[in-house]
Structure formats: C-alpha cells, structure tokens
1. How fast does segment 216-321 diffuse by Stokes-Einstein, in µm²/s, taking the Kirkwood radius from C-alpha pairs at 20 °C and 1.002 mPa s?
2. Just to be sure I follow: if Rg is taken over the C-alpha atoms of segment 63-203 and Rh is the Kirkwood radius over the same atoms, what is Rg/Rh?
3. Quick one: what are the phi-derived ³J(HN,Hα) couplings along segment 112-118, Karplus 6.51/-1.76/1.60 with θ = phi - 60°, whole Hz, x for glycine and proline?
4. Using modelled amide H (1.01 Å from N, peptide plane; none on Pro or chain starts), what sits under 5 Å from the amide H of A28, excluding residues fewer than 5 places away?
5. Using a simple charge model, +1 on the beta-carbon of Lys and Arg, -1 on the beta-carbon of Asp and Glu, nothing else, what dipole does the chain show about its Cα centre, in debye to the nearest 20?
6. Binning every alpha carbon pair distance of segment 1-146 at 5 Å from zero, what are the percents per bin?
7. May I ask you to give the percent of accessible area on the chain that is carbon plus sulfur, with a probe radius of 1.4 Å?
8. Hey, how much of the P(r) for segment 44-125 falls beyond 19 Å, as a percent of Cα pairs?
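The values are calculated or read from the model by the stated rules, or taken from the named source; none is laboratory data. Just so it is clear, the model here is predicted, and its values are computed rather than measured. Here the Cβ positions follow ideal geometry from the backbone for every residue, glycine too, while neighbour counts run over all protein chains shown. The protein model used for the area step is the full one, side chains on, heavy atoms only, and it has no ligands, DNA or RNA in it. Shrake-Rupley method; radii C 1.70, N 1.55, O 1.52, S 1.80 Å.
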Amino acid sequence: MKTPTLTVRVVRKTAEATDIATFELVDAQGDALPPFSAGAHIDVHLPNGLVRQYSLCNDSAETHRYLIGVLRDPASRGGSLAMHDLVNEGDILQISAPKNHFPLAHEARRSLLLAGGIGITPILCMAERLAISGAEFDLHYCTRSPARTAFRNRIRGSAFTSRVHFHFDDGDAAQKLDIAATLDKVEDGTHLYVCGPKGFMNAVLDTARAAGWPEAQLHYEFFAADVGPSDSDESFEVKLASSGRVIKVEKDKTIITALAAAGVEIPFSCEQGVCGTCLTRVLEGVPDHKDNYLTPEEQAANDQLLPCCSRAKSPMLVLDL
C-alpha cells in the first residue's frame, strides 16, 4: 500500500559538485509545502518507477520549497541515475510528505555532526538549525576531494563556518579525519549524528560503541542496504493476530510480497530496511533482522521488524496486523 503523495515541479536543477546535483522542488499549484524539521527526508517517485529517499537540505523554516541533493552513483540500483539523467527543470514529480527518522535531540548540550560525501544533506540542515538556535556543535565533513564537496561555498559563507572541518581523501594525512581520536571522549549531553556511505557510517558507529558511547546518544540514518536473498534463507509462516490467518513466506519472497499476494497490504517505501515506513510489531516468534533502521537494542528486543527485508529465525511470526 503506497502512502499519499504530493505533486511538485522541479524549478531548478543545479550541479553542486562533481557527480552531485541539487533539485529544487515547489508545489505544482504554487501552494505552501508541508513543514519539516532538520534531518527529514522525502520519498521521490522516479520516472523509471523506483521510489528513493532523499534528505531535505534547505532551511527547515522554508515552506515554499524543498531542496534535495543527489549523488550520481553508477553502482546504484537505478535511483540516482534516474534523477540525474531523467529528471529535468520543469518536470512534475510525485513525492511523499516529509518524514523524520533522524531528528535532532534538542536536549543535547553539544552535537557532534559527521558527514561522509552526500551524507552532508541532512547534516547541513542540522548544522544550520543548531546555529540559528545558538547551540554548541562541530561538523566534520569527509569527501574524496574538494571538487566532490557539495555545498562548500554555502558552508564557507555561513555564520558557522569556523565550526566546520573539511577532510579530503586526496589531501595530506594531517587533515584526514581520525575517527578514534574524535570519538575517544564520551561526554554526558553530547550527541553524535552520522550520515554517509555505509562503510563510513559503520566505522563511525563501531568506533563510538567501542569507546562506550551510549546508544541513546548515537543518531544515524542509512539510505541503502544490502538486503538481497541469502543462501541461509528458509521459508516460514506469519500469523495475523487480528484474524488468526496464516500466510507462508517462501524463501525467495519477502514478508511484504507474501502478504500482498494474499491481499494484505501494509505501507512501505524503500524496500531496503532503511526508512521505517513498514515497521510492524512482533507479538510472538523470533525475527531475523536484516534492516539498518532499528538500533541493536531494538533488534535484540525482537518485538518489531521491518517486513520489507527481515525474515524469521523461528518457524512462525505472529504479527500485530
């Protein structure tokens, strides 16, 4: 089941850096767009039929436009290539209302923002909001090279430019980000935010957890995951708590596709276990978590799962459906 969409027009497409473009979207009828907060994203329905999530990177106080940044990734599954090659100024697109699974913790005394590549999009919005509110923060922005650094001029012209540290892979060793040194001090009230390629995010989160950072102070959002079939996948059954109906999930099918084939639809979007749209309560059974949305503690509780990608370790799951 798809969620309702908004109709927007692409009024500006801009090359921000090598292989990175921004798209400015406005309501097709000229109306105000739904409000959003720093860290929010929208689902974009692409011309080739795919749906992809992109973070909003304009001022969250704006209601007349949304701005998203997209990396052209030849290794992608078709989303970024569609945005770069098929979407142009003047085009009409369908998008979701903003969703925020990556919000700022406003009780934080200090925020540490780490961005890798295109992961700067939600992080930049956060930095601007924190600066406006007078909050204490530092931003580390890691990219392959200056030419591949989106929003560099915007950051340099900002009031918080002194709080931003650029790190380039092709630069000298002294300016590269030392993740361990950056995260070695765990301070009460300091919250860590990270977004970027999966390897970068895993390195940051693994280092933070090893250094003793409490999970409540770690904030992150993945936008892609490896959730393809595994040789260890087996068939299992799901039971709908409301009706007692039992539906078999074959080894090569997801819970969502098995439910849909049986006439049971639930909202979904990314189908990669990263956006949280299809989050479902588990009443009985043991899930086999394959998502990048739930925290390790949430996964260990085994009382919810992402049915777009996760499976079962037990013969049956009873779902709150």
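1. Details: Rh = 13.8 Å.
Result for D is 155 µm²/s.
2. Numbers: Rg = 16.3 Å, Rh = 16.7 Å.
Looking at segment 63-203, the ratio lands at 0.97.
3. Calculated HN-Hα couplings, in order: 10, 9, 10, 10, x, x, 5 Hz.
4. Hits under the 5 Å cutoff: T7, V8, R9.
5. Working: 31 positive and 42 negative charges, 94 e Å.
Using Cβ point charges on Lys, Arg, Asp and Glu, the chain gives about 460 debye.
6. 2, 10, 19, 22, 20, 15, 9, 4, 1
7. Working: 7070 of 14410 Å².
With neighbouring chains kept in place, the figure for the chain is 49 percent.
8. Working: 1513 of 3321 pairs.
Of all Cα-Cα pairs in segment 44-125, 46 percent lie more than 19 Å apart.
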